Amino acid sequence: MTSLPFPLAEPPDAATQAKTHQLFAQGADFLKGVVAMSGLPPADRLEVCFAGRSNVGKSTLINAVTGRKALARASNTPGRTQEINFFTLSDSHYLVDLPGYGFAKAPVDVVAKWQRLLKSYLQGRQTLRRAFVLIDARHGIKAVDEEIMALLDSAAVPFQTVLTKADKIKDAEHDKLLTQVRGKLAKHPAAFPELILTSSNKGTGIDTLRATIATLI
Ligand code: GDP
């Protein structure tokens, strides 16, 4: 299994679980929505961000990871969708919810503005340790996902692919999905060589994702 490129991440061992529990037990809170680089909070702690197409299950996953039912709801309300939303996790981490992309309905100037902000954020944020790029398990990696991945490559931000809604695909479809995803990721130098398969509904992979965050240094 581990000899494959981009294997699935192993669930955390007991020691990692304890460390993870300690971090997440301290809770997460919404800090602020940011619309310009000048609004970013000070880069004084470890940071991870979450990116994904609209409707990929990003809010639901952030809620599952933090154990807070409605934490990421703010980013889904109309008018807030173009903001970079910052959450504090304990006093040691920021979790950052990037605006969902791939919304054909957004006006061109709005899209251009957020792309500029996104680019500046990804290129300039020293404390950003990893981006989690969420991919719907039913759809695999699409062209818009590859645009974000290319941006992460050029900003040299390591990104890890998190497959969402795993409960929506049959066991027989897993291999096809993994083959597609592995094939696409092979072209991205910034792709972290492990995948995380999740279902927020079933709780699958949530501990693994938490442990990944808790063990970043
Ligand atoms: P966002 O736009 O990426 O923030 O997506 P949401 O978190 O709002 O989720 C979009 C839709 O997918 C909602 O109807 C969720 O209930 C559903 N959803 C999210 N995660 C899962 C999951 O793990 N399994 C299933 N079956 N549905 C999910």
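Of the candidates Arg129, Arg125, the single residue that is farther than 24 Å from Ser200 by Cβ, away from the ligand (no atom under 16 Å from the Cβ) and basic (Lys, Arg) is Arg125.
On the stretch given as the range 28-65, residues that are within 13 Å of the ligand (Cβ to nearest atom) and either in contact with a helix residue (DSSP H, G or I) (Cβ under 8 Å, 6 or more places away or on another chain) or within 24 Å of Asp207 (Cβ to Cβ) (or both) total 14. Every condition in (1) over 24 Å from Ala9 (Cβ atoms); (2) of a type outside the set (Phe, Trp, Tyr); (3) modelled with pLDDT of 95 or more; (4) not in a loop (DSSP other than H, G, I, E, B) holds for Arg73 except the one numbered (3).
Table: residues versus (1) of a type in the set (Gly, Ala, Ser); (2) within 16 Å of the ligand (Cβ to nearest atom); (3) in contact with a helix residue (DSSP H, G or I) (Cβ under 8 Å, 6 or more places away or on another chain).
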{"residue": "Gln115", "(1), (2), (3)": "no, no, no"}
{"residue": "Leu134", "(1), (2), (3)": "no, yes, yes"}
{"residue": "Ile141", "(1), (2), (3)": "no, yes, yes"}
{"residue": "Ile148", "(1), (2), (3)": "no, yes, no"}
{"residue": "Leu151", "(1), (2), (3)": "no, no, yes"}
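State yes or no: is Val181 touching a residue at least 60 places away in the same chain (Cβ under 8 Å) and either of a type in the set (Val, Ile, Thr) or within 16 Å of the ligand (Cβ to nearest atom) (or both)? Against the criterion (touching a residue at least 60 places away in the same chain (Cβ under 8 Å) and either of a type in the set (Val, Ile, Thr) or within 16 Å of the ligand (Cβ to nearest atom) (or both)), Val181 qualifies.
Against the definition (within 14 Å of the ligand (Cβ to nearest atom), in a helix (DSSP H, G or I) and modelled with pLDDT of 95 or more), how does Leu23 come out, yes or no? When the stated conditions are applied, Leu23 does not pass them.
The values are calculated or read from the model by the stated rules, or taken from the named source; none is laboratory data. This structure is a prediction, so every number in the text was calculated from the model and none was measured. Every residue, glycine among them, receives a Cβ derived from its backbone with ideal geometry; neighbour counts consider all protein chains shown.
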